[in-house]
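Shown next, in structure tokens, is the structure this report addresses.
The values are calculated or read from the model by the stated rules, or taken from the named source; none is laboratory data. Remember, predicted model here, so these are calculated numbers, not experimental data. Because the Cβ atoms are built from the backbone with ideal geometry, glycine has one as well, and the counts that use them run over all protein chains shown.
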Amino acid sequence: MTILTPEPVTPGDTATAAPEREFTIKARTQGQMVRGRFIRHRGALIGLTALGFVVVLAYTSIGFWKIPGWWPLDFKDTGTVVNAGQPSLDLIPWIDGDGLTIGDHPFGQDQTGRDYFALTMRGTQISLMVAFVIGIVSTFLGALAGAISGYYGGKADGVIMRFTDLLLTIPILILAAVVGQAVAGGGPFFLAMVLALVIWTSLARLVRGEFLSLREKEFVEAAKAMGAKNSRIIFRHILPNAIGTIIVSATLTIAVAILLEAALSYLGFGVQPPDTSLGRLISEYQNSFSTRPWLFWWPGLFIIAIALSVNFIGDGLRDAFDPRQTRVRA
Amino acid sequence: MAQEILRVQDLAVSFPTEDGTVHAVRGISYTLHEREVLAIVGESGSGKSVSAMALMGLLPKTAQITGSVNYRDQEVLTLPPKKARAMRGRNIAMVFQDPMTAMNPVYTVGDQLAEAYRSHHRVERKVALAKATEMLDRVGIPQAKDRVRAYPHEFSGGMRQRAMIAMAIINNPDIIIADEPTTALDVTVQAQILETLIEVKDSVNAAVILITHDLGVVAGMAHRVLVMYAGKAVERAEVDEIYTRPRMPYTAGLLGSIPALDSAGGRLHPITGAPPSLINLPPGCPFSPRCPLATEICLHEEPPLGPTDLPHHEAACHHWETLAEVPDPTMLFRSEAGA
Amino acid sequence: MTAYVVRRLLASLLILLAASFVMFALVSLSGDPLSEFYASSDPDRELKIESRIDALNLDEPFIVQYFLWLKGAAMCLVPGGGCDLGVNLQNQEVTAVLADAIPTTLRLVLAATVLAIVLGVAIGIISAIRQYSSFDYGITFAAFLFFSLPIFWVAVLLKEFGAIRINDWLAEPAVTLPTAIVIGSFSALFFSALSGGSRKRKVLIGLGAGFAAVAIFIGLVASGWFKNPGMGPGIVIIGSVAGAVGATLLFTNLENRRVLFIAIGTAAIGVAVAYAGYPMLEDPTWLVLVGMGLLVTLVGVGIAYIWGSIDRAAAVRASVVTSFIVGFMVFLDHTISSFASYSDSVNGRPFATIGSNTPNYQGTFWEVTLDTATHLVLPTLAIMLISFAGYSRYSRASMLEVMNADYVRTARAKGLTERTVVLRHAFRNALIPIATLAAIDFGAVIAGAIITETVFGWKGMGVIFTTAVEHFDYYQVMGVFVVTAIAVLVFNLIADISYAILDPRIRLT
């Protein structure tokens, strides 16, 4: 969709002096407009920066897969507990006069002397991975199911919608806990894939609604009249108009997924040891709140930072795609 | 002549937006007399609706309004909110463009009329409902007694607009502002609605400001016409003269776009192009890019609304004299349409 | 309407049937209920395995297992048909376990939901009316923050700061610099954001409110109020009259003296009844309380009906709302007065962190009420925060959309007051989509309850569910599923019906 400059007026004989000066609106593609509005959204920019920082920190510090990171300690290694395991991080230089310090254990240590910074980074990696896999996979599934349902209607629509009705009847945490328990031991990636299989339903409904209204639009009628194939109509004509809804919803799904993973891991149905995640860390260390509160604070702060950033990015994207800002969100 | 009840002077409205300040109304002046019908004509975006909203105090808070609106020797724009509220609907009432959305879907038509009455008269609900029924009857709604209990969605578009007119006259106002009252309606009911409007206006002795883009609607109704373009009045005259002797090419262009049943060939000659953006309006006459008569001076100097060869007929055009010599002004835009 | 409801119920039943099959399959896949015995060295091992296989029909093929369960479950639909949802691993009837757990969870969920709706919608509306004000920005940020909070993390924090530390402090009330700063700045921020107007005005109001709050706080500590709190007749009367004024404002304006006086009259009667019946309120029952409340309401409505004249409808409504407010003030007064004796009876630790009530607690009506309240407040707060965020965002968006509607412009053009425009015309329409949210949100509230119950050790459905999933307790999990799924379906139906009631354009067929 492009906002085109109106055709310049052809001046008549008597009006040769009239220049084309009344239209100063520059042609901008939808992508440019969306980008422009997104950049103007301060919260979204801060969110994007914060999320970027967390992602880079988590993946470079302790490394991932076979690539080593710059942080010397491993999250699995136990060691001697230094200074009662207190964090050595000091970000406020003027309190004890030591200046900005990072120290050996910036986030402290747990009772077995494991470096809590490395543990938190590992938890952040897993939580991020799970959230993004859930977000991407469930968006793909939901968009696909919603598109088929909304575009073709009829029997396909009936089957898909009854199935979403069915899944939506079961509260998400109940469903997730049971499937989480069923795949316990399968590893976090597998867990994420399975969770994606159960939470695509609300997006499917959203996309279906969008497709239902878009397929009645004139430009789709026109494309049909010109004999365009269904696949071409879906991908060239309808999808670009529904993409805003899908992207915004994908972002918000990631925010929900971060919290869902944390809740499941907290209840013990999510990520299983030896692996860890932010939710597991909180669950493991909640009872040491009175003795070592930092073991509780750090993973919580990281969850909130990620979820808050993603929520703000989602808000910015929604404003960018829908400048009327009238769309309400649940 | 009847007494003057409303005097608008240099009314200007602008809205700050992200892309710059929109000068929606750039200074218009007019007067309105008792029982008179004044038509304000212009394309969408010419500022005609905004100027009416300014009279009613219905513009959003961000709007910057200057100038003066004098209603029976009272300055309206600076009235304290309470007094302004007491005037709205009581002295100046309004009929809106789209009757489909102008009524609250969750209350009955009767409730909404009664509410309008009760907000200016301290009476019991029953009394107000009886009044509402009477008004619905007066605007020609059959079985008003039953219809008073119906919801807006149970009314047709024409009936809803009648109900809106009934709501406007329920407090016996001095002035009714009708903002494109027939635009959203079927052609078949447009004439009936206009007729109803004239009838009830006479019955309550109100003056009407009729806002429209359709010069065809104006002909049978208005006494005087004010033509607006890009936020300014560009021509002001008695209704007959507008049709026969326009002194502003824009008006001539509007006349050329009315389908007339008696014109041979039946070909329309619309104005090409679109009205300018009201942000950063360039100097000169805003109509010049679309104007067949435009010359060098039109690009540099915006003509003020001034007297012409005809009495009580003012136009804002450097070349009104040239236009006066054109035998059929509606044909002014023909060359381009053919090109 | 009836036909619609019946048809919807039948459709829901089919969905429930299909969902139960999917759920049963998932639960069966989740693990083996016999696994705990495999490594056991219990001499009775074989016997126990035998009896569990028998109880759970594990020797049958999966599909038969499902239909055996369904047969028992189907009997729940037949009145007196012997509802049977199987037994759990401890050989207790699942129906009996659920019957114990449901009221506990319901108490938590209902209080949280009602509070979240009332507060969320109210704040959403104010936020919308003051779009782009500092209040709006503050609430928007708070809502995003609440959306992003893990509920268990909040719950743990609430336990620490809302109960343990508060209890410590109440044992030795003292003004410390941090408490004074927290109280002062909180009150300053809240009131200055709420006030609106110019920046200077906001700063002044903020400063005033901050210092006033600190002064009141210091005064209360110095006078030993926290040791023996109460409200006294003065506060009750002031609160009741303020309530009467508020109720008048809600339905008309203060210039309408008739309604104002009727509301204040109702408040006066309410206070008089409360103090005349003081002996009865020493240790009342719910019946006595409701009776007294009803008496005041009826008298108030009577007065409004007789003297309401042309404003009868507004006067009656204002009277009803006023009598509720007075009732609440009196209730609060008595409850707070019992705080000291309650605190003593629980060893000076009034705010509880575990359970839904003190086991075997004996005391007056007010002390028992306090016992429930102090157990309820923190978990309710935890669940509420998250739903509250949703409601405030949703009602803000919905309200903003409605405020631009043509009929709101019409309402203004009629010369209605801004209050009537906002409440009668805009809000009434904004409410329509909010009704739907209440249904959708219910599933989320249940999830919140599961986690919160776990943190706070409530013996509700949440704890039953998590232990059941952990031990592959098939029938127990299915029992929780049935209850929650029915609740979700019923809430959806209620939402659709209320949608139709709120919007005359919708007809249920």
Fill in the blank from the handout: Within the range B:278-289, of all residues that are out of contact with any helix residue (DSSP H, G or I) (no Cβ under 7 Å at 6 or more places or on another chain) and touching a residue at least 40 places away in the same chain (Cβ under 8 Å), the one surrounded by the fewest Cβ atoms within 10 Å (Cβ to Cβ) is B:Asn280
Problem - Hey, B:Arg160 more than 9 Å from every other protein chain (Cβ to nearest Cβ), part of a loop (DSSP other than H, G, I, E, B) and among the basic types (Lys, Arg) or not - result: no
Practice task
Look at the range C:338-353 and say how many of its residues are part of a loop (DSSP other than H, G, I, E, B), under 21 Å from C:Asp283 (Cβ atoms) and of a type outside the set (Val, Ile, Thr).
Solution key: 2
Problem - Count - residues of the range C:440-479 that are at pLDDT 85 or above, in contact with a Phe, Trp or Tyr (Cβ under 6 Å, 6 or more places away or on another chain) and more than 7 Å from chain A (Cβ to nearest Cβ) - result: 1
Practice task
Kindly indicate the residue of the range B:3-57 that is crowded, with 20+ Cβ neighbours inside 10 Å and of a type in the set (S, T, N, Q) and also farthest from B:Val69 (Cα to Cα) among those meeting that condition.
Solution key: B:Ser46
Handout entry: Among residues of the range A:224-235, those that are part of a helix (DSSP H, G or I) and within 34 Å of the chain's Cα centre (by Cα), counted
Key = 6
Problem - Checking B:Ile176 against (1) touching a Ser or Thr at 6+ places or on another chain (Cβ under 8 Å); (2) surrounded by 23 or more Cβ atoms within 10 Å (Cβ to Cβ); (3) within 12 Å of chain C (Cβ to nearest Cβ), the condition it does not meet - result: (1)
Practice task
Pull up the range C:144-169, narrow it to residues that are aliphatic (A, V, I, L, M) and in contact with a helix residue (DSSP H, G or I) (Cβ under 7 Å, 6 or more places away or on another chain), then point me to the one that is farthest from A:Leu260 (Cα to Cα).
Solution key: C:Ala163
Practice task
For the range A:230-238, state whether one or more residues are touching a helix residue (DSSP H, G or I) at 6+ places or on another chain (Cβ under 6 Å) and not β-branched (Val, Ile, Thr).
Solution key: yes
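Could you list, in sequence order, the residues of the range C:131-143 that are surrounded by fewer than 21 Cβ atoms within 10 Å (Cβ to Cβ) and modelled with pLDDT of 85 or more?
First pass over the range C:131-143, keeping only residues surrounded by fewer than 21 Cβ atoms within 10 Å (Cβ to Cβ): C:131-134, C:136-138, C:140-142.
Answer for the range C:131-143, where residues must be surrounded by fewer than 21 Cβ atoms within 10 Å (Cβ to Cβ) and modelled with pLDDT of 85 or more: C:Asp136, C:Tyr137, C:Gly138, C:Thr140, C:Phe141, C:Ala142.
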Exercise for the section: Quick one: in the range B:113-151, of everything that is more than 30 Å from the chain's Cα centre (by Cα) and assigned to a loop (DSSP other than H, G, I, E, B), which residue is farthest from B:Asn171 (Cα to Cα)? Expected result: B:Gln143
Practice task
Need at least 2 residues that are within 14 Å of chain A (Cβ to nearest Cβ), under 19 Å from the mean Cα position of the chain (by Cα) and within 28 Å of A:Asp315 (Cβ to Cβ) per element, so show me which helices (runs of 4 or more DSSP H) inside the range C:70-178 make the cut, counting only ones lying wholly within it.
Solution key: C:94-129, C:134-147, C:151-157
Problem - Top-ranked residue in the range C:1-48 [being farther than 19 Å from C:Ala485 by Cβ, of a type in the set (A, V, I, L, M, F, W, C) and assigned to a helix (DSSP H, G or I); ranked as farthest from the other protein chains (Cβ to nearest Cβ)] - result: C:Leu47
Practice task
Identify all residues within the range A:185-196 that are touching a residue at least 60 places away in the same chain (Cβ under 8 Å) and either outside any loop (DSSP other than H, G, I, E, B) or crowded, with 17+ Cβ neighbours inside 10 Å (or both); write none if there are none.
Solution key: A:Pro188, A:Phe189, A:Leu191, A:Ala192, A:Met193, A:Leu195, A:Ala196
Completion exercise
Residues of the range B:287-334 being in a helix (DSSP H, G or I) and of a type in the set (D, E, K, R), in sequence order, are B:Arg290, B:Glu296, B:Glu321, B:Glu325, B:Arg334
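Matching residues to (1) touching a Ser or Thr at 6+ places or on another chain (Cβ under 6 Å); (2) over 15 Å from C:Thr322 (Cα atoms); (3) touching a residue at least 60 places away in the same chain (Cβ under 8 Å); (4) part of a helix (DSSP H, G or I):
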{"site": "C:Phe211", "(1), (2), (3), (4)": "no, yes, no, yes"}
{"site": "C:Ile216", "(1), (2), (3), (4)": "no, yes, no, yes"}
{"site": "C:Leu249", "(1), (2), (3), (4)": "no, no, yes, yes"}
{"site": "C:Gly270", "(1), (2), (3), (4)": "yes, no, yes, yes"}
Problem - Residues (assigned to a loop (DSSP other than H, G, I, E, B) and within 13 Å of chain C (Cβ to nearest Cβ)) located in the range B:77-106 - result: B:Leu79, B:Gly89, B:Arg90, B:Asn91, B:Phe96, B:Gln97, B:Asp98, B:Met103, B:Asn104, B:Pro105, B:Val106
Practice task
Output the number of the condition that C:Thr410 fails; it satisfies all remaining conditions of (1) touching a residue at least 12 places away in the same chain (Cβ under 8 Å); (2) out of contact with any Pro (no Cβ under 6 Å at 6 or more places or on another chain); (3) among the hydroxyl-bearing types (Ser, Thr, Tyr).
Solution key: (1)
Handout entry: Among the residues listed as B:Thr188, B:Thr183, the single one being out of contact with any strand residue (DSSP E or B) (no Cβ under 7 Å at 6 or more places or on another chain) and either assigned to a loop (DSSP other than H, G, I, E, B) or hydrophobic (A, V, I, L, M, F, W, C) (or both)
Key = B:Thr183
Exercise for the section: Check the range A:156-177 and report whether any residue there is more than 14 Å from every other protein chain (Cβ to nearest Cβ), buried (at least 23 other Cβ atoms within 10 Å of the Cβ), over 24 Å from C:Phe442 (Cα atoms) and touching a helix residue (DSSP H, G or I) at 6+ places or on another chain (Cβ under 7 Å). Expected result: no
Practice task
Output the residue which, of all residues in the range C:354-379 that are in contact (Cβ under 8 Å) with a residue 40 or more places away in the chain and assigned to a loop (DSSP other than H, G, I, E, B), is farthest from C:Lys459 (Cα to Cα).
Solution key: C:Thr364
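I'm trying to understand the selection: among the residues of the range B:220-234, which are over 14 Å from the mean Cα position of the chain (by Cα) and either at pLDDT 90 or above or small (Gly, Ala, Ser) (or both)?
Looking only at the range B:220-234, we keep the residues that are over 14 Å from the mean Cα position of the chain (by Cα), and these are B:220, B:230, B:234.
Scanning the range B:220-234 gives B:Gly220, B:Ala230.
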Handout entry: Inter-residue pairs, beta-carbon under 9 Å, first assigned to a helix (DSSP H, G or I) and in the range A:50-71, second among the charged types (D, E, K, R), 6+ apart
Key = A:Ala58/A:Arg122
Exercise for the section: Answer yes or no: is there a residue in the range C:398-420 that is under 22 Å from the mean Cα position of the chain (by Cα), crowded, with 23+ Cβ neighbours inside 10 Å and either hydrophobic (A, V, I, L, M, F, W, C) or not in a helix (DSSP H, G or I) (or both). Expected result: no
Practice task
Filter the range A:239-294 down to residues that are away from every other protein chain (no Cβ under 14 Å), buried (at least 20 other Cβ atoms within 10 Å of the Cβ) and part of a helix (DSSP H, G or I), then give me how many there are.
Solution key: 5
Practice task
Answer yes or no as to whether B:Met135 is more than 9 Å from chain C (Cβ to nearest Cβ) and at pLDDT 90 or above.
Solution key: yes
